[in-house]
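Throughout, read-outs are computed from the coordinates displayed, never taken from laboratory work. Note that the structure is a prediction, hence the values are computed from the model and not measured. Reconstructed Cβ throughout: ideal geometry from the backbone, glycine too, with neighbour counts over all protein chains shown.
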Amino acid sequence: MDLSQLLNDVNDFVWGPIMLAFLVGTGIFLTIRLKFLPWINLWYAIKMIMLHKADKQGDLSPFQSLMTALSATVGTGNIVGVATAMVLGGPGAIVWMWISAAFGLSTKYAESVLAVKYRETNSVGEMAGGPMYAMKNGIGGGFGKLMATLFALFAVCASFGIGNMTQANSISSAFSSLGISTEVTGVILVVCSLAVLIRGVRSIGKVSSFIVPSMAFFYILFTVIIIIVNFENVPGGLVVMFQMAFSTEAVAGGVGGSIVASMLTAMRWGVARGVFSNEAGLGSAPIAAAAARTDHASRQGYVNMTGTFFDTMIICFLTGLVIASSGVLGSVDPETGKLISGAPLTILAFSTVYGEGAKYIVSIALAMFAYSTILGWEYYGEKSLEYLVKARPVIIGYRIVFSLITFIGATQTLDIVWNFSDTMNGLMAIPNLLCLLILNKDIANECFDYQKEYVSKGK
């Protein structure tokens, strides 16, 4: 067996049914443990993003912290991942994306609470936090420190692949379809990345708080226009989504007659792509949460929790509804004879309204989503490396190397590197989920204390 096949097999296991059950199961447990308060307080959390100005200890405003986290989660998964899930798991996969995201709210809330509660201040006065600090300071002992070291190691490895090279490759692929060479895209990426990353977290926060809302607004606007134009197909599309999501037998849907999927298939791909998109349970987003200026760990927990709502329940769902209502699901490529999937399927759906312009809209959206992911993941990788190696020159070196590697990602297709980083990404979840389960009492105490002192008093 060659190395590529071995990594592929390991990756299939890491992201297999056991891991997905662990991810969703932890979310279900935490939702019940917290008495459904993350669900009950969702609207409160959304309002707080814009209204609350915490003049407290931290590097970023609560909004900037959320945007940094969202910059890393709103990415190719929202365009490519949704289309792939619908081809492999049928339209019902979108419903399972929603279900996993609903429980993912509690997971994202919990990991962000621990990140703020157990954060530290580093040598240059910046906040350092995330699952590794919750493991070290919350669980403690040799076991806690071992888990923290493993998590940080997995996160650094994942940052170069899933957070950098795969995103850079998506950007160059998108622009090459518009006639721009991969080398030119690679050089532009290196320059743009260096310009932002070399100045650290505050620079990332400022850029993310501009790019993320802007690109999300325009993408949502373009998808809503398609849904309005194809509105007569929307009710039928929604019916098929729910039928195929809960069908015990393999059925073919009306919006994609050649897509045959059972409930288990829809569940598998919906949950897998949903988690890939919103990263609830992987432990990445809380690293950004720990940088926030906030007066209570639970407040930032609620703010960061909305990232899962916006990413999966809004953007992924709209992409899915566009594909379902446009009637292109199940289309076959005349040249290869294979089902059209991924970005080409999304472009095909957009072209039902925008014609040739669809290629430009989706390509630019994909590029902006992917670029923001590079920025967010650099911060995750940097803070994880900082946990392992305290020397500042190493951290500055990481920023430079990370920026330069975007060129390799843009110009090369390295399946081995991607499989390896995808595996590291999945392995991050194991110590993180164990940490959430072990420290569930701490999370609950913070949640109920905040409910009593702040939410019930309208603060």
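Which whole-percent values make up P(r) of segment 360-403 when all C-alpha to C-alpha distances are grouped in 5 Å steps starting at zero?
5, 22, 23, 16, 12, 9, 7, 4, 2
Helix 297-308 versus the longest principal axis of the chain: what angle, 0 to 90°, nearest 10, using Cα atoms?
Approximately 10 degrees, to the nearest 10.
Largest first and in whole Å, give the semi-axes of segment 348-459's equivalent ellipsoid, each being the square root of 5 times a Cα gyration tensor eigenvalue.
The answer is 35, 27, 16 Å, longest axis first.
Starting with the highest mean, order 224-237, 155-168 by the number of other Cβ atoms within 10 Å, averaged over the residues of each peptide.
155-168, 224-237
List the residues, sorted by chain then number, that are 5 or more residues from Thr121 or on another chain and whose placed amide H is less than 5 Å from its amide H.
Amide H neighbours of Thr121, under 5 Å, 5+ apart: Ala128.
How do Asp12, Asp422 line up, fewest other C-beta atoms within 10 Å first?
Going from least to most buried by this count: Asp12, Asp422.
Which cross-chain or sequence-distant (5 or more) residues have an amide H under 5 Å from the amide H of Ala292, H modelled 1.01 Å from N in plane?
Asp59, Leu60
Compute the distance from the alpha-carbon center of segment 85-145 to that of segment 181-207, in whole Å.
Answer, in whole Å: 26.
Within 10 Å of each residue's Cβ, count the other Cβ atoms and sort Lys383, Lys35 from fewest upward.
Lys35, Lys383
Tell me the angle of helix 357-388 to the major Cα principal axis of the chain, expressed in degrees between 0 and 90 and rounded to the nearest ten.
That works out to roughly 30 degrees.
At Phe246 and Glu232, where each label point lies 7 Å from the Cα along Cα→Cβ, what is the point-to-point distance in nanometres?
For the pair Phe246/Glu232, the computed spacing is 2.9 nm.
Do me a favour and compute the ellipsoid semi-axes for segment 336-392 from its Cα gyration tensor, root of five times each eigenvalue, largest one first, whole Å.
The equivalent ellipsoid of segment 336-392 has semi-axes of 38, 14, 6 Å.
Give me Val271, Val74 ranked fewest to most by other Cβ atoms within 10 Å of their Cβ, as a rough exposure proxy.
Going from sparsest to densest Cβ surroundings: Val271, Val74.
Please report how far the C-alpha centroid of segment 392-459 lies from that of segment 281-302, rounded to the nearest whole angstrom.
If we compute the Cα centre of each part, the gap is 11 Å.
Taking the Cα atoms only, what angle lies between the long axis of helix 141-160 and the longest principal axis of the chain, rounded to 10 degrees?
That works out to roughly 40 degrees.
Residue separation times 0.36 nm, minus the C-alpha to C-alpha distance between Ser4 and Ile180: what's the value?
60.4 nm
Taking a ≥ b ≥ c as the square roots of the Cα gyration tensor eigenvalues, with a/c under 1.5 meaning rounded and otherwise prolate when a/b beats b/c, else oblate, which class fits segment 76-224?
Here segment 76-224 falls in the oblate category.
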